[in-house]
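Chemist: Quick one: the structure is below, questions incoming.
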Amino acid sequence: MAKKKLILAAIVGVLISLFFVFDLGRFLTLESLKVNRDALTAFYLENPFVMAGAFIAIYIIQSALFLPGAAVLSLAAGAIFGAVMGTLYVNIGATIGATLAFLVARYLFHDVIQKKFGARLVKMNKELEARSFNYLLFLRLVPVFPFFLINLGAGLTRMSLRTFFLGTMMGMIPGSFVFCNAGASLAMITSMSEVASPRVLGSFALLGLFAIVPVLYQKFKRKQGGP
């Protein structure tokens with residue numbers, strides 16, 4: 001079993017290394033997207049299913065391997081497919097990719113972490129078993145926590161696969177739509193900071209707070225001696 005884990009870790013490491021060795025990140029920039037938008041759109045009009053499938057596959061790989069470029073890919077989805085369909089494709093790709101990352105992290109490190117720190121994690125595991133969906137939704141909505149760290153961290157806990165999948169899928173919809181909607185007006189964007197403005201980030205934070213309110217309420221009730 002240890003050998004299989006080492007092989008999987010090596011494969012992931014090699015794939016991540018190839019991304020940087022071949023400098024593939026140069027294709028995942030706002031400037032590159034603007035230059036290639038017309039060609040990508042033309043290809044999509046001629047080959048809609050191929051383009052949609054290729055985009056989703058690329059997003060899955062990006063998310064599963066913890067690679068940079070998610071924001072540009074989301075803008076690209078809006079620029080090529082439109083805000084609504086772009087959001088759908090981003091959500092499919094990112095959710096599947098995040099779930100693969102979650103499973104890899106769980107397979108490689110979960111048992112080690114739980115065995116080494118199990119006694120200290122009893123309270124956290126119990127809390128997650130009861131309210132993991134709310135916590136995950138909060139983390140997905142509040143734009144402070146890096147996407148890949150959430151995938152990795154969740155895989156090390158006892159959060160169920162079903163909860164992770166549904167929480168990721170639902171929690172990513174608002175952010176995905178914002179970027180895809182901005183991508184639909186790509187010519188007007190000069191920097192990524194224009195998309196993730198303080199007002200937009202504040203709105204996400206407010207949504208995240210709504211997700212965590214039931215948890216805070218239950219904690220308050222317990223402190224007050226309620227059921």
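Chemist: Keeping to segment 74-88, report how many residues are crowded, with 23+ Cβ neighbours inside 10 Å and closer than 21 Å to Gly167 by Cα.
Modeler: Looking only at that region, the number is 3.
Chemist: Quick one: would you say Val178 is within 16 Å of the chain's Cα centre (by Cα) and part of a loop (DSSP other than H, G, I, E, B)?
Modeler: Details: within 16 Å of the chain's Cα centre (by Cα): yes; part of a loop (DSSP other than H, G, I, E, B): no.
The answer is no for Val178.
Chemist: Any idea how many residues of segment 57-86 are of a type outside the set (Gly, Ala, Ser) and under 13 Å from the mean Cα position of the chain (by Cα)?
Modeler: Keep residues of segment 57-86 that are of a type outside the set (Gly, Ala, Ser), which gives 58-62, 65-68, 72-73, 75, 80-81, 84-85.
Okay, now just the ones that are also under 13 Å from the mean Cα position of the chain (by Cα), so 59-62, 65-68, 73.
So the count comes out to 9.
Chemist: On the basis of being β-branched (Val, Ile, Thr) and modelled with pLDDT of 95 or more, does Thr29 make the cut?
Modeler: On the way: β-branched (Val, Ile, Thr): yes; modelled with pLDDT of 95 or more: no.
Criteria not met by Thr29.
Chemist: Select, from Thr95, Thr41, the only residue that is part of a helix (DSSP H, G or I), farther than 16 Å from Ala184 by Cβ and in contact with a helix residue (DSSP H, G or I) (Cβ under 8 Å, 6 or more places away or on another chain). Break it down into steps so the answer makes sense when it comes.
Modeler: Values: Thr41 fails: farther than 16 Å from Ala184 by Cβ.
Answer to the check: Thr95.
Chemist: Can you tell me which condition Pro68 does not meet? The list is (1) assigned to a helix (DSSP H, G or I); (2) over 22 Å from Leu166 (Cα atoms), and all the others hold.
Modeler: Here Pro68 meets the rest and fails (1).
Chemist: Consider only pairs whose beta carbons are under 7 Å apart and that are at least six residues apart or on different chains; among these, list those whose first residue lies in segment 137-150 and is on the phi < 0 side of the Ramachandran plot and whose second residue is in a loop (DSSP other than H, G, I, E, B).
Modeler: Matching pairs, first to second residue: Leu139/Phe145; Arg140/Met172; Pro143/Ala196; Phe148/Phe66.
Chemist: Filter segment 176-194 for residues that are at pLDDT 80 or above and of a type in the set (Val, Ile, Thr) and give the result.
Modeler: Val178, Ile189
Chemist: Looking at (1) in contact with a Phe, Trp or Tyr (Cβ under 9 Å, 6 or more places away or on another chain); (2) over 15 Å from Phe81 (Cβ atoms); (3) surrounded by 15 or more Cβ atoms within 10 Å (Cβ to Cβ), which one does Gly25 not meet, given that it meets all the others?
Modeler: Among (1) in contact with a Phe, Trp or Tyr (Cβ under 9 Å, 6 or more places away or on another chain); (2) over 15 Å from Phe81 (Cβ atoms); (3) surrounded by 15 or more Cβ atoms within 10 Å (Cβ to Cβ), the lone unmet condition for Gly25 is (3).
Chemist: Only residues in segment 30-41 that are without any contact (Cβ under 8 Å) to a residue 40 or more places away in the chain and under 15 Å from Cys180 (Cα atoms) count as the first member; pair them with residues that are in a helix (DSSP H, G or I) and of a type in the set (A, V, I, L, M), Cβ under 7 angstrom, at least 6 apart or cross-chain, and list the lot.
Modeler: Going by the 7 Å Cβ cut-off, the qualifying pairs are Thr41/Ile80.
Chemist: May I ask you to list the residues in segment 147-163 that are farther than 18 Å from Pro68 by Cβ and surrounded by fewer than 18 Cβ atoms within 10 Å (Cβ to Cβ)? Step through it out loud before you land on a result.
Modeler: Initial filter on segment 147-163 (farther than 18 Å from Pro68 by Cβ): 153-163.
Selection gives Gly153, Arg158, Ser160, Leu161, Arg162.
Chemist: Taking the conditions exactly as written (under 12 Å from the mean Cα position of the chain (by Cα) and more than 21 Å from Leu28 (Cβ to Cβ)), does Gly153 satisfy them or not?
Modeler: On the way: under 12 Å from the mean Cα position of the chain (by Cα): no; more than 21 Å from Leu28 (Cβ to Cβ): yes.
Taking the combined requirement at face value, the residue does not satisfy it.
The values are calculated or read from the model by the stated rules, or taken from the named source; none is laboratory data. Here the structure is a predicted model, which means the values were calculated and not measured. No Cβ is skipped: glycine too gets one built from the backbone with ideal geometry, and neighbour counts run over all protein chains shown.
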